[in-house]
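Structure, as structure tokens:
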Amino acid sequence: MASSTISCNASDLIPLLSGGANATATAAAAEFICSRFETVSGKFTDAGYAIDNTYLLFSAYLVFSMQLGFAMLCAGSVRAKNTMNIMLTNVIDAAAGGLFYYLFGFAFAYGAPSNGFIGKHFFGMSDFPKPTFDYPFFLYQWTFAIAAAGITSGSIAERTQFVAYLIYSSFLTGLVYPIVSHWFWSSDGWASPARSDNLLFQSGVIDFAGSGVVHMVGGIAGLWGALIEGPRIGRFEQRSKPLTLRGHSATLVVLGTFLLWFGWYGFNPGSFAIIFKSYGTSPGSSFYGQWSAVGRTAVTTTLAGCTAALTTLFGKRLIDGYWNVTDVCNGLLGGFAAITSGCSVVEPWAAVICGFVAAWVLMGFNKLADKLQFDDPLEAAQLHGGCGAWGIIFTGLFADKTYVSEIYGGDPNRPFGLFMGGGGRLLAAHVVQIVVIVGWVSVTMGTLFFVLHKMELLRIPSEDEVAGMDPTSHGGLAYMYTEEEIKNGIMVRGVGGEDDHVQGHVGVL
Amino acid sequence: MSGSLSCSAADLAVLLGPNATAAADYICGQLSTVNNKFTDVAFAVDNTYLLFSAYLVFSMQLGFAMLCAGSVRAKNTMNIMLTNVLDAAAGGLFYYLFGYAFAFGSPSNGFIGKHNFGLKDFPSASADYSNFLYQWAFAIAAAGITSGSIAERTQFVAYLIYSSFLTGFVYPVVSHWFWSADGWASPFRTDGDLLFSTGAIDFAGSGVVHMVGGIAGLWGALIEGPRLGRFDNGGRAIALRGHSASLVVLGTFLLWFGWYGFNPGSFNKILVTYESGTINGQWSAVGRTAVTTTLAGCTAALTTLFGKRLLSGHWNVSDVCNGLLGGFAAITGGCSVVEPWAAIICGFVAALVLLGCNKLAEKLKYDDPLEAAQLHGGCGAWGLIFTALFAREKYLNQIYGEKPGRPHGLFMGGGGKLLGAQLIQILVITGWVSATMGTLFFILKKMKLLRISAEDEMAGMDMTRHGGFAYMYYDDDESHKAIQLRKVEHRSPSPSGVTTTSV
């Protein structure tokens, strides 16, 4: 008869072996056998750590590659004269984020034991590692923190002083975001689904990889930044319709989008943190385990993005009359932002619905933004804020009972998706999440942006904006061309140019 | 002393003397638990391995998008990149709905699968979500290949139609034949005779993926004809150069990177021992496969470098990139069953095959902007032949099951049966893809849905169908046609005006 543990108690074994006369020999035999089992058990624990840490580390590297993806997406979406500026903000998000998240961000987020609002251990990673908090976990959470800050930079691109970026980014990564992640992801957080007691609405909020915690936080912060500093020059100056300030490279937009898609396979499935866990009643009893859930999460993520992309393709063809690459890319990303909340707890067919609706949500918010003369160069507030919020609602509707139970444990009859027969409590908790995130981020980041605005540290002067931030604040243009015409490239005619130090150039992106 | 953890209570009780039954049960129970935990370990390890391999293969979509973008003219950049995005997106939906079922829905017949539509009854003991995702990544790779052949002159609607058909039906059926447990030509077949006592050996898809994509592209490009200006009135070939070598190299390197998921990942599992307790296990074979892949690509690249230097007199980056990829396409069929030295031969010949196919294409006035049919079709076919010549019996037995007297590489003393099976594979793939995709492209042409108009082709598809140029390096308050370099005033007395080069 097999047991589910490999524990071995010599005192249990000795009487069983005492059929023989020699008690000493029997005891020795029992010790021998039990110690071997203990070793085996230890080795399994080791194997588990090795497997799970490998899994989590490589997931972290994938999420980190999203920084590169977002940098390229941002670069391609802004005008050439602002390319270096936006890319530098992306580099610095990662760099400054690294430092501040290490110093206190991670502590505020995960420093347990603590209270429901904020964490208070592990400042500067003191007392690290612990059984549940090893370095890969820190690194993984860091990559998430810098993702949130990156999102915001898109909303305020092309017109924001670099000093303002440094300030908002440190504040967001070091304080605002970690606190939100504490509420929903730490075992202490007041709205966490993993709490041992006093679950919000007996449910807690299920925001698996962060439609709210990451995307809404980044998006709402961006919303305030963009609102307070106002639209870019020229964007809404004509009566008839908004002027599209086109990005300078669709290639970079596609490159960035694909890299984000690639990295999302770390963002969503990686949020399990642990892959070595069977869901069977006893070891080896089932091929079905957390590894399956991880794979399923990669599949739901994929389907939501694919559906959102296709919906946007055809939607835009109907509305605007042509096949629009950059809009399809944004739609794709909106699908991912939406599925991020429920990716692990819904069926693949539900993910298709998620992506379909996300595409329309994004298109709708973009129309609204135009009407309200809200200018967001990356549509970040609409995409991450809007589709993120939809994703939270979606999870409240479609979360599957079995998956919720497998992943979060607790009461097997805990609330789940409304449309799946799980009642309204999960949805209610999710509405609370949306309200609370909007409120907290508005109060903190909105105030910060307002203060920066008042201190004239937010927006750049108009002359700088017209000339472009690269020449005025970053030492020159990002790109250089030869002056001769290229037959099948970009035709460039030199105009004047006594200060041209033209060096040969390599291929141009 | 057996190597398994099995434990017979009856045997143990005898050894332990009277009243030892309970002890025996106890011990055996614990050992049984240990055994079961190893099963769980294997699931965790293998799924991790396969999932990350799938993500790598997915990154090849990005690589191919950049390769395509760099290889076409700037005025068509957005078009070709959109086709790559849509290959992945439409492929996701259709492969989920029925593509995977046609490919792997067992139990079934030799021709096509018939279970797991919409991932019903999933996961099972034989396939988990990681398998699905991995196979999806392969399916969209095949569709991506074809888009290269018909670039710069094909209506977007035609892309949507051919891509869905290829990913949802044509490709899955081929993969069923050669990769499923039921397929009539599969070396994994359990319920019938192996083709020529071996089945076709196409480990990661020189035929199933590369030839399918390449032959489909061949028909598309043939039926719609060459790009305007490609062959002048005298029949001479004019190079329509791609607009960015940087993108070509970026794309090539990303494809190389992703190939480490494409080839080694095709083992599906890594925690499989070939000889318990020793280093001799599938993890080695996985590593060896990564090595053969690398060597074939490297050799093909070097061969192309020197070959082109001799032929055209200069060191040609984009040709070297294509040669490199041709080496990869060729080794893909036999990467797991040949020795590293053989991989060098594979790459060397692949480079020559590509050069030869390209020369032939020019002679026949066949225009393929990405050389996709020549590279994936031609080098893919060579890869299947190569496998038939160099496959080692020992590796075949480890991967496909012990079979005494198993046919293997002709040059390794394995007889001609494997070569026979590979030739069948080449013929059958060519026939099937020609019949299906050739017909489709022909119908699209008859319905005037295939090629764009001459005016659109001259102006460029981005302007006419995708909302404008891909690139805008200067603010446009003037026409799109010419971009004027404006002097920019600098505020601070910084040294020379311009700083870095572009990416």
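No lab work stands behind these numbers, since they all come straight from the coordinates. Treat the numbers as computed from the prediction; the structure is a model and nothing was measured. Positions of Cβ are backbone-derived with ideal geometry, glycine not excepted, and every protein chain shown enters the neighbour counts.
With a ≥ b ≥ c taken as the square roots of the eigenvalues of the C-alpha gyration tensor of region B:22-126, please select rounded if a/c is under 1.5 and otherwise prolate if a/b is larger than b/c or oblate if it is not? Oblate.
Taking 0.36 nm per residue of separation and subtracting the Cα-Cα distance, full extension of the segment from B:Ser276 to B:Lys120 would add 52.5 nm.
Could you list A:Thr45, B:Thr39, A:Thr26, A:Thr307 so that the one with the fewest beta carbons within 10 Å of its beta carbon is first and the one with the most is last?
Numbers: A:Thr45 11, B:Thr39 17, A:Thr26 22, A:Thr307 27.
Going from least to most buried by this count: A:Thr45, B:Thr39, A:Thr26, A:Thr307.
What Kirkwood hydrodynamic radius do you get for the protein assembly as shown when you take the inverse of the mean 1/r over all pairs of distinct Cα atoms, in Å? Before the final figure, lay out the partial values.
On the way: mean 1/r = 0.0332 Å⁻¹.
Computed over Cα pairs of the protein assembly as shown, the Kirkwood hydrodynamic radius comes out at 30.2 Å.
Amide H contacts under 5 Å for A:Arg459: A:Gln161, restricted to partners 5 or more places along the chain or on a different chain, H placed in the peptide plane at 1.01 Å from N.
Return the calculated 222 nm mean residue ellipticity for the protein assembly as shown, to the nearest 500 deg cm²/dmol, obtained by summing -39500 (n - 2.57) across DSSP H runs with n ≥ 4 and dividing by the residue count.
-18000 deg cm²/dmol
When +1 charges are put on Lys and Arg Cβ atoms and -1 charges on Asp and Glu Cβ atoms, the dipole computed for the protein assembly as shown relative to its Cα centre reaches about 1640 debye. The phi torsions of region A:220-230, fed into the Karplus equation with coefficients 6.51, -1.76 and 1.60 and a -60° offset, translate into couplings of 5, 4, x, 4, 5, x, 5, 5, 5, 8, x Hz, rounded to whole numbers, with Gly and Pro shown as x. For chain A, the normalised intensity computed at q = 0.08 Å⁻¹ comes to -0.54 (log10 of I(q)/I(0), Debye sum over alpha carbons, equal scatterers, no solvent). Net length available on complete extension from A:Phe128 to A:Asp370 is 82.3 nm, with 0.36 nm assigned per residue and the Cα-Cα distance removed. For region B:61-189, the alpha carbon convex hull comes to 96 Å³ per residue, rounded to a whole number.
Note that region A:82-90 has calculated 3J(HN,Hα) couplings of 10, 5, 4, 4, 5, 5, 5, 4, 5 Hz, one per residue in order, obtained from phi through the Karplus relation 6.51 cos²θ - 1.76 cosθ + 1.60 (θ = phi - 60°); glycine and proline are x.
Cross-link check: pairs B:Lys308/B:Lys363; B:Lys365/B:Lys448; A:Lys241/A:Lys454; A:Lys43/B:Lys394; A:Lys367/A:Lys454 evaluated at a Cα-Cα cut-off of 24 Å; pairs beyond the cut-off: A:Lys241/A:Lys454; A:Lys43/B:Lys394; A:Lys367/A:Lys454. Between helix A:135-155 and chain A there is an angle of about 20 degrees, using the helix long axis and the longest principal axis of the Cα atoms.
Suppose R0 equals 45 Å. What FRET efficiency, 1/(1 + (r/R0)^6) with r the Cβ-Cβ distance, do B:Asp232 and B:Trp432 give to the nearest 0.05? Provide the component values of the computation, followed by the final result.
Numbers: r = 36 Å, r/R0 = 0.80.
In this case the efficiency is close to 0.80.
The long axis of helix B:317-331 is offset from the longest Cα principal axis of chain B by roughly 30 degrees.
The share of Cα pairs per 10 Å bin across region A:54-127, counted from zero up to the longest distance, runs 18, 31, 31, 16, 4 percent. Maximal additional length on extending the A:Lys120-A:Thr281 stretch stands at 54.3 nm, based on 0.36 nm per residue less the C-alpha distance.
In terms of other Cβ atoms within 10 Å, A:Thr302, B:Thr252 run from fewest to most in the order B:Thr252, A:Thr302.
Rounded to the nearest 20 Debye, what is the dipole magnitude of region A:398-462 about its Cα centre when Lys and Arg each give +1 and Asp and Glu each give -1 at the C-beta? Write out the running numbers ahead of the final one.
Details: 5 positive and 4 negative charges, 37 e Å.
Computed charge dipole of region A:398-462: roughly 180 debye.
In this structure the amide hydrogen of B:Gly281, modeled in the peptide plane, comes within under 5 Å of the amide hydrogens of B:Tyr274, none closer than 5 places in sequence on its chain.
When A:Leu383, B:Leu396 are arranged by Cβ crowding within 10 Å, least crowded first, meaning fewest neighbours, the order is B:Leu396, A:Leu383.
Across region B:451-458, computed HN-Hα scalar couplings (Karplus, 6.51 cos²θ - 1.76 cosθ + 1.60, θ = phi - 60°) run 8, 7, 6, 4, 4, 4, 5, 5 Hz from first to last residue, x flagging Gly and Pro.
Less than 5 angstrom separates the built amide H of B:Phe231 from those of B:Ile238, all sequence-distant by 5 or more or on a different chain. Helix A:290-320 axis versus longest C-alpha principal axis of chain A: approximately 20°, rounded to the nearest ten. In this simple spin-label model, placing a label point 7 Å from the Cα along the Cα-to-Cβ direction at both B:Lys394 and B:Ala459 gives a separation of 6.5 nm.
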